Structure formats: C-alpha cells, structure tokens
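> Supplied in structure tokens, the structure appears directly below.
Please treat every number below as a calculation from the coordinates, not as lab data. Keep in mind that what you see is a predicted model, and the values were worked out from it rather than measured. Cβ sites come from the backbone with ideal geometry, for glycine too, and all protein chains shown count toward neighbours.
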C-alpha cells in the first residue's frame, strides 16, 4: 500500500507543471476571448489565411524564427549541462545568451524594433537596434573566455551576416528585390550560423560533461 501511495503522489506531482502551464494558457485564452478590439480569426489563424495569401507567404521569416528558436534552445541546454558539470561561469554565459537570443527571437517574431516600438514611442528603429546591440555587448564581453572554448568561428560568421544585413538595411532599404535579398538573406545566413553554433556547442558540452563524469566514476 505504501508503494501505491507513493506512486499516486508521484503521479500527482508530475501533473503540477501541466496544471501551471495550462492555467497560464487558459488566462491568456480568456483575455483573448474577452477582448473585442481584434477579431479572433486574426489572432488564431495563420497570417497567410487571414490575408488571403499563398501558404508560402512569409516562409523565410518563419524559417528564421525557427532558427532563432533552435539557437535559444541550444543555449538553454548548454547552460543546464554546464551547471551539472560544475562549470559555473559557462552556465552563466549561456544562460545570458539564451536571454539575449530570446529577446531577438521575440523581436523577429513580433516585429518589435521595426514596427511596434517605433509606432508606440515615436522613436526611430535605430534607437531600439542600438539598445539590442548594447545588450548583446553586455553579454558578449564577460562571456568571451567561455565562448573561445566553443566553435567561435560559427559565432563570428553569424556576426558578419547580421552586420551586413544592418548595413544594407540602413543604406539600401527599399531599392528593389536585389537589396531585399541582400538584407534579409544575410540576416538569414547569420541566424542559421547562430543556430548551428548553439546546437554544436550543446552537443560538444554534453559529450565533455559525460566523459568527465564517466572518468570520475571509473
């Protein structure tokens, strides 16, 4: 009977995260249902369906958001594993990276610096890009010793892609399809490099920590 009670208690405890997440999601759904400013189909349906566009409308943007998500997840995994391996500085560096990349993910997903923030505050988008660059710099400088231990060439390639994209955006924006491809294409290459770096770093760190643990136990 004691074992059955423990199993039942364990099952209930396992449902606690689900209860918390579903409660938060239900609150969000309630807010969406009670508001009347935005039609529900604009909030629930895919943007291509709402606008009557082809299914592939915004395809490259969606893939870019997916790559940002991979980058964030890779840093979260790396932070968790390095903490298990008692690598405190690395855990902090990659936890901060996940935070910075998560903000950039939200920016790309909701067009924060290009549409929302300028329309709400009246400030030019360059002000918000400068704020993001400053935040990235605050992460990068303390994290450099740990980043050098990774495949930093991939991270440097990502930085080059983002830099070219910003230059094209500021000096050649709206000048035709070729410049649009140059701007968004280099940004896409940058985030692909970032996602690759993050994923490979997570894999490298897991192998390192597992090898270390096996060696200690052996």
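> Go through (i) 36, 25, 20; (ii) 47, 24, 12; (iii) 35, 29, 16 and flag the label whose value is the computed semi-axes √(5λ) of the Cα gyration tensor in Å for this structure.
The value computed from this structure is option (iii).
> Which order results if 164, 126 are arranged by neighbouring Cβ count within 10 Å, fewest first? Can you show the working numbers first?
Values: 164 17, 126 14.
Ranked by crowding around the Cβ, least crowded first: 126, 164.
> Pull out the extension gain between residue 46 and residue 204, defined as 0.36 nm times the separation in residues minus the alpha carbon to alpha carbon distance; nm, one decimal.
On the way: separation 158, 0.36 × 158 = 56.88 nm, distance 3.68 nm.
Gain in length upon complete extension: 53.2 nm.
> Hey, could you grab the Kirkwood Rh for the range 21-137? Inverse mean 1/r over distinct alpha carbon pairs, Å, one decimal.
Working: mean 1/r = 0.0587 Å⁻¹.
Hydrodynamic radius (Kirkwood, Cα only) of the range 21-137 equals 17.0 Å.
> For the range 110-218, taking Cα atoms only, what is the radius of gyration to one decimal and the Dmax to the nearest whole Å?
18.3, 63
> Residue separation times 0.36 nm, minus the C-alpha to C-alpha distance between residue 24 and residue 180: what's the value? Walk me through the intermediate numbers first.
Values: separation 156, 0.36 × 156 = 56.16 nm, distance 3.89 nm.
Between residue 24 and residue 180, full extension yields 52.3 nm more.
> When 80, 101 are ordered from fewest to most other Cβ atoms inside 10 Å of their Cβ, what list results? Provide the component values of the computation, followed by the final result.
Numbers: 80 17, 101 25.
Going from sparsest to densest Cβ surroundings: 80, 101.
> Full extension from residue 14 to residue 138: what is 0.36 nm times the residue separation minus their Cα-Cα distance, to one decimal in nm? Show your work: numbers first, answer last.
Numbers: separation 124, 0.36 × 124 = 44.64 nm, distance 3.78 nm.
Residue separation times 0.36 nm, minus the Cα-Cα distance, leaves 40.9 nm.
> May I pose another question? Just 62, 48, 79 to compare: in a GNM of the chain, with alpha carbon springs under 10 Å, which one fluctuates most?
Among 62, 48, 79, the largest mean-square fluctuation in the Gaussian network model of the chain belongs to 48.
> Among 113, 54, which comes first, second and so on when ranked by fewest other beta-carbon atoms within 10 Å? Write down the numbers at each step before the final one.
Working: 113 21, 54 9.
The fewest-first ordering by Cβ neighbours comes to 54, 113.
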